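The values are calculated or read from the model by the stated rules, or taken from the named source; none is laboratory data. The structure displayed is predicted, hence computed values, not measured ones. Positions of Cβ are generated from backbone atoms using ideal geometry, with glycine treated the same way; all protein chains shown enter the neighbour counts. In case anyone asks, the SASA skips ligands and DNA or RNA and just uses the protein heavy atoms, side chains included. Shrake-Rupley method; radii C 1.70, N 1.55, O 1.52, S 1.80 Å.
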Amino acid sequence: MKKLLRGLIIIAFAYIVGIIVVKNQIVTEMEYGLCIGALLLSVLLIRHTKKQRLLHSSFKKIDQMDGVKFEEYLMLHFKKKGYRVQLTPVSGDFGADLILKRRRKKFVVQAKRYSGSVGIKAVQEIIGAKEYYGIENGMVVTNSYYTKAAKELAEASGIILWDRKELAEQFNIESGYRE
């Protein structure tokens, strides 16, 4: 919502500037249109480049991300795999960070960007998220590894776990394994 509001303010500002410079004959309408077009293309190119850089992050970069950036990283990769992805609110998400949809299958996903092992709490949160969102499938994705208890609860509950190794295989991330 903040990005949309910021975008609308920028558009309104550009429109007002355009009226002033064209009315005062500082530039022609055509010159102003070309400037706005070039500016728009520049913004789109910068956004595309940022997404590409994020998509091609190494584990070194992933391990330095904050939780929100890791969620964005996962969102881009799941979109690339053909899923429609919805990010949940940063707080009050009821244990889910992403909702994935592809064909008739839906998943709630908990993203855990950790430096230590991911414990049972993450699996409990995704079980709760499945119930809250009414979605049958749950997944926890981490850049790290899971404790034995987390693996046992996930197995018993039908929760999919992606650890560092699975993340590397699914998203073709090069090197960076921590054992």
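When both bridge partners sit in the range 66-179, DSSP labels roughly 45% of those beta bridges antiparallel. Equivalent ellipsoid of the range 89-177: semi-axes from √(5λ) of the C-alpha gyration tensor, largest first, are 20, 15, 12 Å. Between THR147, THR28, THR49, the residue with the greatest mean-square fluctuation in the GNM of the chain (Cα pairs under 10 Å linked by springs) is THR28. Taking the protein heavy atoms of the chain in the context of the full set of protein chains, the accessible area attributed to carbon and sulfur is 59 percent at 1.4 Å.
Kindly rank 118-125, 81-88, 105-112 from highest to lowest mean number of other beta carbons found within 10 Å of each residue. Please list the in-between numbers first.
Details: 118-125: 19.6, 81-88: 14.8, 105-112: 22.4.
Averaged packing, sorted descending, gives the order 105-112, 118-125, 81-88.
Taking only the Cα atoms of the chain, the ratio Rg/Rh comes out at 1.14, with Rh defined as the Kirkwood radius. Considering only TYR146, TYR133, TYR73, the mean-square fluctuation computed in a Gaussian network model of the chain, springs between alpha carbons under 10 angstrom, is largest for TYR133.
Put SER157, SER57 in order of accessible area, largest first, 1.4 Å probe: what do you get? Provide the component values of the computation, followed by the final result.
Details: SER157 40, SER57 15 Å².
In descending accessible area the options line up as SER157, SER57.
Residues considered: LEU44, LEU100, LEU54. Largest GNM mean-square fluctuation over the chain, using C-alpha springs under 10 Å, is found at LEU44. Geometric descriptor of the range 6-54, per residue, is 58 Å³ (volume of the convex hull of the Cα atoms).
Cα-Cα over 25 Å: which of LYS50/LYS112; LYS61/LYS101; LYS60/LYS105; LYS106/LYS151; LYS80/LYS112; LYS61/LYS81? Too far apart for the 25 Å limit: LYS61/LYS101; LYS60/LYS105. On a per residue basis, the range 1-154 carries 67 Å² of accessible surface, using protein heavy atoms and a 1.4 Å probe.
Express the relative contact order of the range 52-172 as a whole percentage, based on alpha carbon pairs under 8 Å and six or more residues apart in sequence. Write down the numbers at each step before the final one.
On the way: 206 pairs, mean separation 23.9, N = 121.
Rounded, it is 20 percent for the range 52-172.
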